[in-house]
Amino acid sequence: MDTSEKGCASRLAYDGKIVRVRIDHVELPNGSMTYREVVEHATAVAIAAETEDGKILLIRQFRYPVGKEIIEVPAGIVEDEEDLVAAAKRELREETGFDAKEVREICRFYTSPGFSNELIVLYHAKDIFPSSLPGDDDEFINLMPTGKKECLRLIESGAIEDAKTLVALLTLLR
């Protein structure tokens with residue numbers, strides 16, 4: 001059975017700095033009609049950077065939508081026509097003050113495909129070295145190099161709640 005849905009009409013509800021929201025009128029596989037709210041989001045990159053002694057460069061950052069500080073891997077939006085690896089290396093430099101000689105794609109995943117098209121491309125970075133870029137003016141980040149056993153403890157205790165970070169760490173720790 002074909003389960004695809006066919007878009008019939010679309011209306012832009014919001015056009016912001018980071019997201020666009022549209023309301024689509026769609027035809028379902030059984031012929032009925034419904035609406036879908038779609039959050040359009042640029043592709044993002046996330047980086048699990050590993051130091052020579054096996055620590056992962058995590059960051060702590062206050063996230064306003066959830067009202068608290070979150071432990072994360074460095075990540076950010078890919079700028080217009082920017083190469084994905086270049087974006088990953090730029091975000092790593094801006095958020096941690098390090099660059100990497102070796103950057104390998106781990107996986108790609110949608111953050112919440114029920115309402116958003118946001119795709120995150122996750123990388124593993126090794127052979128890192130100091131090389132900073134100025135961070136974004138609206139980001140206040142604390143670097144948190146963390147051993148692999150401590151990463152697992154943070155996951156098991158519920159201290160890591162960010163999906164991209166869970167995917168990154170569980171992939172590296174398996």
Can you pull out every residue in region 153-163 that is surrounded by 15 or more Cβ atoms within 10 Å (Cβ to Cβ) and closer than 14 Å to Ile56 by Cα?
Leu154, Ile155, Ile160
Does Gly67 fit the bill of being over 19 Å from Thr165 (Cβ atoms) and either touching a residue at least 24 places away in the same chain (Cβ under 8 Å) or not charged (D, E, K, R) (or both)?
no
Can you spot a residue in region 102-110 that is open to solvent by 70 Å² or more (accessible area, probe 1.4 Å) and aromatic (Phe, Trp, Tyr)?
yes
Can you run down the residue pairs with Cβ atoms below 7 Å, 6 or more apart or on separate chains, where the first is in region 1-23 and within 18 Å of Gly114 (Cα to Cα) and the partner is surrounded by 10 or more Cβ atoms within 10 Å (Cβ to Cβ) and among the aromatic types (Phe, Trp, Tyr)?
Arg20/Tyr14; Val21/Tyr14; Ile23/Tyr35
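Results for (1) assigned to a helix (DSSP H, G or I); (2) polar (S, T, N, Q); (3) in contact with a Leu (Cβ under 8 Å, 6 or more places away or on another chain), shown as yes or no for each residue.
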position: Leu122; (1), (2), (3): no, no, no
position: Ala125; (1), (2), (3): no, no, yes
position: Asp137; (1), (2), (3): no, no, no
position: Pro145; (1), (2), (3): no, no, yes
position: Lys149; (1), (2), (3): yes, no, no
position: Arg153; (1), (2), (3): yes, no, no
position: Val167; (1), (2), (3): yes, no, yes
position: Thr171; (1), (2), (3): yes, yes, yes
Looking at Glu91, Glu82, Glu105, Glu161, which is the one that is in contact with a Gly (Cβ under 6 Å, 6 or more places away or on another chain) and either under 17 Å from Ala44 (Cα atoms) or not small (Gly, Ala, Ser) (or both)?
Glu91
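The values are calculated or read from the model by the stated rules, or taken from the named source; none is laboratory data. It should be emphasised that the depicted structure is a prediction, and the values quoted were computed from it without experimental measurement. All Cβ positions, glycine included, derive from the backbone under ideal geometry; neighbour counts span all protein chains shown. Only protein heavy atoms, including side chains, enter the accessible area calculation; ligands, DNA and RNA are left aside. Shrake-Rupley method; radii C 1.70, N 1.55, O 1.52, S 1.80 Å.
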